[in-house]
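Just below is one structure, and these are the notes that go with it.
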Amino acid sequence: MSRRARAAVALAAIGLAVGAMVLVRRPGGDGAAERGVQAALAVSEALAPADSAGFARATAPRPFSFPADHGPHPEFRTEWWYYTGNLETATGRHFGFQLTFFRTALAPPAASAGETASAWSTRQLYLAHFALTDTAGRRFHAWSRLDREALGLAGARSVPFRVWLGDWSAESEAAAGLPVRLRAAEGDAAIDLMLAAEKPVVLQGDRGLSRKGPEPGNASYYYSLPRMSARGTVRVQDEPLAVTGLAWMDREWSTSGLGPDLVGWDWLALQLDDGRDVMIYRLRRRDGSIDAHSAGALIAADGATRPLAGGDVTLDPLDHWTSPRSRVRYPSRWRLTVPGAALTLEIVPRLADQELIVGTRYWEGAVRVDGIADGRPIAGRGYVELVGYGE
């Protein structure tokens, strides 16, 4: 059984055993979850190289076509739709949100040839994470769901665009797949947001091919919508609040996304007040060094994109935070420098505790940004993801 297949089966067992898992932190408490599970699956294991027989692999740039590429790519083993954003009410109350959908194939498409069709059968699992940061209330909520692509329980399609798991969904009634409506509700929190693209699609890496290592095929097809206006409603403790803000959407699909010597990554997506956006992912090796395939992009206000290699940026942790539940120590506050753009930014979490422990464990949360651009003060907002710490 391949490592990826083992990871998918483990993920299924975790999700089916606990259903919708919740993690809610309150100020002044001991950091314990009301309900929840400790992490049982390392993300690096789920994305490690595996037997790729029967699956397509990301080996060379390809043409992208929309809205088709907003939809699923079942010929690849894994893919995700990743939405994050920062929202505010008219009085300035801040919320961060994350709604992400993951598809994992249990077997390649060719393996189903000749099987009798059944409404109960599937070779696809869908996992979703929903998280909400309530900065003023100093509360962080996180939930996870998992189900199979059968009986309409979960799935994805390109026209009209929709990806869903139960009543959590991202969908569009427009032929082009944009704007997108996000809906998710669990416990005492919910979002209902409309996202509209303010910039064109950005193809990350080499025309959309994002290499994660020197081995052929250890790569993904990766594109972003880096600046999406957001408006709608956030509900917390049965109180609906009208909000506006900015969101970021990432899309990747691959068959083996991480090289064998990689343990995790740091990902930053920042939206600056001068209209520019910055994305950086830093791949971390098992020996603690930074992999040469780390990369990113600097996106101008008009959408023009400048690729960034790992050597084009420095990212220095300025502080650390230790989780009271997992005891994992994460970097917390960073200085990002892009010398070629005369850009120096300090990135600070809105809350220190934005760790998700929902079958997998990682830190992902809203951040604020302050710094200097071309000698002038600049501010912004964004999201940071920290994967593989403590594994």
Next item on the list: Only loop residues by DSSP count here, and only those with at most 14 other Cβ atoms within 10 Å; note down the trypsin sites (Lys or Arg not before Pro) in the range 289-362 that meet that.
Entry: Arg327
Next item on the list: Divide the volume of the convex hull of the Cα atoms of the range 178-290 by its number of residues and quote the answer in cubic angstrom per residue.
Entry: 152
Check: Which length gain, in nm to one decimal place, applies between Leu241 and Ala301 when the Cα-Cα distance is subtracted from 0.36 nm times their residue separation?
Finding: 18.6 nm
Next item on the list: Count the net charge of all other residues whose Cβ sits under 13 Å from the Cβ of Leu99, scoring Lys and Arg as +1 and Asp and Glu as -1.
Entry: -3
Notebook entry, point to check: When only C-alpha pairs under 8 Å and at least 6 residues apart count, what is the relative contact order of the range 204-277, in percent?
Noted result: 31
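Each reported figure results from applying straightforward, stated rules to the coordinates on display, with no laboratory input. As the structure is a computational prediction, the values presented were derived from the model and not from experiment. Cβ sites come from the backbone with ideal geometry, for glycine too, and all protein chains shown count toward neighbours.
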